[in-house]
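Note sheet for the following structure.
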Amino acid sequence: MNINLTIIGQIIAFTFFVVFCMKYVWPPITGALAERKKKIAEGLDAADRAQRDLELAQEKAMSDMRKSKEEAAAIIEQANKRANQIVDEAKEKAREEADRLVTAAQAEIDQEANRAKETLRAQVAALAVAGAEKILEASVDESAHAQLVEKLAAEL
Amino acid sequence: MASEMTSSAYISHHLTNWTFGAHPENGLSFAATAQEAAEMGFWAIHVDTMLWSVALGFFFIWIFRKVAKTATSGVPGSTQNFVETIVEFVEDNVSSVFHYKNALIAPLALTIFVWIFLMNTMDLIPVDWIPFLTQKIGEAFGADPHHVYMKVVPTTDINATLGMAFAVFGLILFYSIKMKGLGGFLGELAFQPLGKWMLPFNLFLEIVGLLAKPVSLALRLFGNMYAGEMIFILIALLPFWAQWLLSVPWAIFHILVITLQAFIFMVLTIVYLAMAHEDH
């Protein structure tokens with residue numbers, strides 16, 4: 001247990017190790033630790049931000065969906081209205097067409113009836129003349145009695 | 001070996017350092033006996049203490065430098081994880097006690113803690129293994145095995161603990177003067193705690209207190225480790241089949257002691273240096 005030069009040797013060795021540690025060991029290790037701490041903090045921040053973004057996106061999606069539902073409902077309503085309108089218009093047109101057809105038919109019928117009456121009247125006049133001839137057994141002057149026959153025919 | 005020599009010779013052999021120095025009669029030589037080592041006085045060096053402490057110091061900076069070179073802020077490997085745990089432990093201790101800006105204190109504390117821990121850990125190697133091995137090696141080189149000394153625990157050598165304590169003391173003086181100026185430092189010694197009318201008393205008290213710091217640092221570590229080593233040596237004197245009954249519990253207890261002593265040395269160093277920075 002002698003005190004000797006070993007003390008000096010130990011002081012030199014100790015100084016060397018401390019200086020080496022201070023220059024080449026401590027800074028890189030604590031640097032890595034600090035950097036990791038920063039990374040973790042950033043990671044947590046990013047997670048928070050992502051959570052917030054997700055909430056915002058969900059909210060936006062909900063409101064978008066609500067809006068498009070409203071739009072769809074409006075479009076359907078409009079389409080229904082238009083369809084009713086089209087049906088009404090078609091009904092109207094059909095009714096007009098029917099009226100027109102009925103009127104035309106009526107006119108034709110009237111025309112046909114008139115024409116038949118005319119023909120009938122002419123034939124009756126002839127028949128009456130022929131009948132009268134037969135009855136009189138004599139020839140009748142057609143031109144002298146034409147006025148009489150026509151009067152007869154008009155009465156038919 | 002205990003069978004080859006008397007118990008006291010065995011103990012004293014185990015407590016003698018491998019010394020190289022200037023012997024008054026033999027000149028520069030390795031001391032063959034404890035007495036020769038004592039006769040060399042101050043101009044001698046304990047080769048085994050230097051060898052083991054420097055080797056362990058290099059082991060420390062090798063491991064830590066390896067991690068520092070590849071240190072990543074990503075996922076750490078197992079060695080980096082282990083080293084980071086120690087670094088953070090030291091950093092926590094430093095930042096809880098030492099509130100000044102000083103790039104030296106934390107690396108200093110780390111070096112003290114790990115180096116002392118490694119030196120203390122040599123105590124857990126069974127006391128006879130390395131001395132026996134070196135005796136055989138010495139014998140192979142033609143030396144008398146009884147004159148081959150090898151003390152493997154540097155912290156059981158008062159020179160090693162005093163060396164570190166003096167280095168810390170130097171830092172205490174340096175920072176005291178740097179932070180407070182020479183006048184401030186001397187004023188602190190002269191005018192506290194009792195004011196200027198009690199100057200001689202203050203000076204005496206403060207200087208004793210100042211000197212007590214390195215001395216207590218060195219002696220606390222040395223005393224604990226020396227006593228622990230001594231008990232291992234005494235246990236080694238028992239019959240071989242009975243040794244484990246005592247050496248195992250003592251070794252397990254000693255794990256606590258070696259860690260605790262390294263920790264205490266570190267914390268007290270930080271505290272002393274914080275006090276040196278403090279301006280009253």
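In the protein assembly as shown, the ratio of gyration radius to Kirkwood radius, Rg to Rh, stands at 1.93 when only Cα atoms are counted.
Checked against a 28 Å cut-off, the cross-linked pairs A:Lys60/A:Lys81; A:Lys39/B:Lys66; A:Lys37/B:Lys178; A:Lys23/B:Lys101; A:Lys93/A:Lys117 give Cα-Cα distances beyond that limit for A:Lys60/A:Lys81; A:Lys37/B:Lys178; A:Lys93/A:Lys117. Shape descriptor for segment A:17-76: Rg over Rh equals 1.61 (Cα atoms; Rh from the Kirkwood inverse mean 1/r). If R0 equals 56 Å, the separation of the Cβ atoms of B:Leu234 and B:Leu203 corresponds to a calculated FRET efficiency of about 0.80. The value of relative contact order for chain B, using C-alpha pairs under 8 Å at least six residues apart, is 24 percent. Largest GNM mean-square fluctuation among B:His14, B:His254, B:His23, using chain B with Cα springs under 10 Å: B:His23. Using every pair of distinct Cα positions in segment B:120-193, the Kirkwood expression returns a hydrodynamic radius of 16.0 angstrom.
3J(HN,Hα) along segment B:120-129, derived from phi through the Karplus expression 6.51 cos²θ - 1.76 cosθ + 1.60 where θ = phi - 60°, amounts to 5, 4, 4, 4, 7, 6, x, 4, 8, 4 Hz, with x in place of Gly and Pro.
Where the alpha-carbon atoms of segment B:163-280 are placed on the principal axes, they occupy 66, 24, 20 Å, in descending order.
Amide H contacts of B:Thr19: B:Ala31, B:Val47, each under 5 Å away and 5 or more positions distant or on a separate chain (H built 1.01 Å from N in the peptide plane; Pro and chain starts excluded). Evaluated at 25 °C with a viscosity of 0.890 mPa s, what Stokes-Einstein diffusion coefficient in µm²/s does segment A:31-155 have when Rh comes from the Kirkwood expression over alpha-carbon pairs? It diffuses with D of about 99 µm²/s by this estimate. Restricting the calculation to Cα atoms, every distinct pair contributes to the Kirkwood radius of chain B, found to be 21.3 Å. Largest GNM mean-square fluctuation across B:Ala55, B:Ala262, B:Ala218, computed for chain B with C-alpha springs under 10 Å, falls on B:Ala55.
Applying the Karplus relation 6.51 cos²θ - 1.76 cosθ + 1.60 with θ = phi - 60° to segment B:252-267 yields 3J(HN,Hα) values of 5, 5, 5, 4, 5, 5, 5, 5, 4, 5, 4, 5, 5, 4, 5, 4 Hz, where x marks Gly and Pro. Among the residues of B:103-111, the average count of other protein chain beta-carbon atoms within 10 Å of the residue beta-carbon is 6. So what's the net charge close to B:Pro107: Lys and Arg +1, Asp and Glu -1, counting the other residues with Cβ under 11 Å from its Cβ? Its environment carries a net charge of 0.
Using θ = phi - 60° in the Karplus curve 6.51 cos²θ - 1.76 cosθ + 1.60, the 3J(HN,Hα) couplings for segment B:80-86 round to 4, 4, 4, 5, 4, 4, 5 Hz; x is entered for Gly and Pro.
Computed from the coordinates by the stated procedures, all read-outs in this text should not be read as laboratory data. Note that the coordinates shown come from a computational prediction; the quantities given were computed from them, not determined experimentally. No Cβ is skipped: glycine too gets one built from the backbone with ideal geometry, and neighbour counts run over all protein chains shown.
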